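Comments concern the structure below.
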Amino acid sequence: MKAIAITRSAPHNIDALHEIELPKPTATGHDLLIEVKAISVNPVDTKVRAGFSGDTPRVLGWDAVGVVTAVGEAVTLFAPGDEVWYAGALGRAGSNSEYQLVDERIAALKPKSLDNAAAAAMPLTAITAWEMLFDRLGVQEQGNEGDTLLIVGAAGGVGSILVQLARKLTKMTVIGTASRPESQQWVREAGAHYVIDHSKPLSEALAAQGINEVTHVASLNHTEAHYAEIIKALAPQGKLALIDDPETLDARPLKAKSISLHWEFMFTRSMFETRDMIAQHQLLTRVAGLIDDQVITTTLGEHYGTITAANVQKAHAQLETGRAVGKIVLEGF
C-alpha cells in the first residue's frame, strides 16, 4: 500500500515527507482495517514530524474518513462496508496511508450528510473540543447560564468546533479571539457572541466590549504569551484549560483567585487504553448526529487535493505559519 511517511530527522524536515510502500496490515482483536478516503492535517502532525528522530519511516496523520474492509475477532461495533471517521492513536501508524488499523472504540460512523472531505476535517478537533468543554472544564450541556467562555485562538481547527459546541449546547456567553479580518469573520460565523483581537491585551479587548471578567478560558495556542492576561481576565474560582505546549507554566499566580488548571490531550484515552476509552466512539457518534441534524457544521477550511507527498508537505508548511483558518483536508490517493 502507499503511505506518506517522515523519513529523516532534521531541524526543518518538511521535505523529508516521502511516499513509501508498506505491507497492508491485518485486523485482529478490536481493530478495524480502514481503507482511507480522506484525511486532514493537524498541528500534532507537524510536531511529531519535527521531533522525528528514528531510523524507521513513520506514517503520520490523525484524522480520517474511510471504509471498513475487515474487522478483528473482538469487534462488535462495526462491519465491513461501514463508513467511519476517527482520529486514531498517537502511538500507531497514522492515516496518511491507503489502509490503517484503528481500534473500534475510538471510531464512529461518519455523518451521513457530509462528503468524505468535509467529514475528515472534524474528528480530532471535535474530540478535543468536546473533552475540553465537557470533561475538563466541567461545563454542563444546556447549562452554565450566566457564565462566560473565552476561547483564545478561536479560528483554528479546535476553536472552530469549540465555538459551535459552546454556543449550541450550552447557555454560556462565548467570546472568541482572532487577529485578522478573515479569521474574525470565521469566528463570528461559527457563532461567537463576541470576537476580540488577541494581538492586543486580552483584558483591554474584553473591557472594550463591556466585559470585566470571564468564568472559563480555553487557551488553544500561545498560552505563554497570553498567560498573565488570561489570569487577569478570569473571575475568582474560574477555570483555565489548555491544549498547547508552553515550555514552562508557573501555576502559582493562579492561587490568589483559586483558578483551576486543566490539560486536554485527546490521545490520553487511546494511549493508556483507559476504562472509558469508548467515550470517544460515543462522542463522535453524538457529533455526527449533531451535524446530520444541522446543529453544527464542518470546519473544513481548504481542500489541498489528493493525498500526495507534495500536498502533505504544503499542508504542513501552511500550518506552521499559524495562519490557517479552519482545517486543511486532502482526499484520495
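Within region 262-285, the residues that satisfy the criterion of being touching a strand residue (DSSP E or B) at 6+ places or on another chain (Cβ under 9 Å) and open to solvent by 60 Å² or more (accessible area, probe 1.4 Å) are W263, E273, Q282, T285. Listed by first and then second residue, the pairs linking a residue in region 62-86 that is closer than 12 Å to R105 by Cα to a residue that is part of a loop (DSSP other than H, G, I, E, B) and among the hydroxyl-bearing types (S, T, Y), with Cβ atoms under 9 Å apart and 6 or more places separating them unless they lie on different chains, are A74/T28; Y86/S95. Just to be sure before I move on: is E104 over 19 Å from V312 (Cα atoms) and in contact with a Phe, Trp or Tyr (Cβ under 8 Å, 6 or more places away or on another chain) in the structure I sent? Yes; evaluated as a whole, the condition is true for this residue. Has region 289-297 got any residue that is at pLDDT 95 or above and farther than 27 Å from M172 by Cα? No, region 289-297 has no match at all. Each residue in region 3-51 was checked for being over 28 Å from T321 (Cα atoms) and either touching a Phe, Trp or Tyr at 6+ places or on another chain (Cβ under 7 Å) or in a strand (DSSP E or B) (or both), and 8 pass. Among the residues of region 191-218, the ones that are within 27 Å of the chain's Cα centre (by Cα), farther than 18 Å from G238 by Cβ and without any contact (Cβ under 8 Å) to a residue 24 or more places away in the chain come to 3 in all. In the condition set (1) of a type in the set (S, T, Y); (2) open to solvent by 20 Å² or more (accessible area, probe 1.4 Å); (3) touching a helix residue (DSSP H, G or I) at 6+ places or on another chain (Cβ under 8 Å), S160 is compliant with all but (2). Taken together, the residues in region 286-300 that are closer than 20 Å to I328 by Cα, open to solvent by less than 40 Å² (accessible area, probe 1.4 Å) and outside any loop (DSSP other than H, G, I, E, B) amount to 3.
What number of residues within region 312-331 are farther than 15 Å from G153 by Cα, touching a residue at least 60 places away in the same chain (Cβ under 8 Å) and in a helix (DSSP H, G or I)? Working first, answer last.
Quick first cut of region 312-331, residues farther than 15 Å from G153 by Cα only: 312-318, 328-331.
With touching a residue at least 60 places away in the same chain (Cβ under 8 Å) added as a condition, the list becomes 312-313, 315-317, 328-331.
Narrowing further to those that are in a helix (DSSP H, G or I): 312-313, 315-317.
Adding up the residues that qualify gives 5.
Considering only region 42-51, I want to know if a residue exists there that is under 19 Å from T298 (Cα atoms) and buried (at least 17 other Cβ atoms within 10 Å of the Cβ). Among the residues of region 42-51, at least one is under 19 Å from T298 (Cα atoms) and buried (at least 17 other Cβ atoms within 10 Å of the Cβ), which makes the answer yes.
Within region 301-324, restricting attention to residues that are hydrophobic (A, V, I, L, M, F, W, C), more than 13 Å from T46 (Cβ to Cβ) and out of contact with any Gly (no Cβ under 7 Å at 6 or more places or on another chain), the residue that is surrounded by the fewest Cβ atoms within 10 Å (Cβ to Cβ) is A310. Screening T56 on (1) free of Cβ contacts under 8 Å to residues at least 24 places away in the same chain; (2) in contact with a strand residue (DSSP E or B) (Cβ under 8 Å, 6 or more places away or on another chain) shows it passes everything except condition (2). Just so you know, in region 52-86 the residues that are within 20 Å of D103 (Cα to Cα), assigned to a loop (DSSP other than H, G, I, E, B) and hydrophobic (A, V, I, L, M, F, W, C) include one that is most open to solvent (accessible area, probe 1.4 Å), and it is L77. Taking the criterion of being touching a Ser or Thr at 6+ places or on another chain (Cβ under 8 Å), open to solvent by 20 Å² or more (accessible area, probe 1.4 Å) and outside any loop (DSSP other than H, G, I, E, B), the residues of region 171-189 that qualify are T173, W186.
The values are calculated or read from the model by the stated rules, or taken from the named source; none is laboratory data. Computed from a prediction, not measured in an experiment: that's the story for all the values here. Methodologically, a virtual Cβ is constructed for each residue, glycine included, from the backbone with ideal geometry; neighbour enumeration extends over all protein chains shown. With ligands, DNA and RNA removed, areas are computed over all heavy atoms of the protein, side chains included. Shrake-Rupley method; radii C 1.70, N 1.55, O 1.52, S 1.80 Å.
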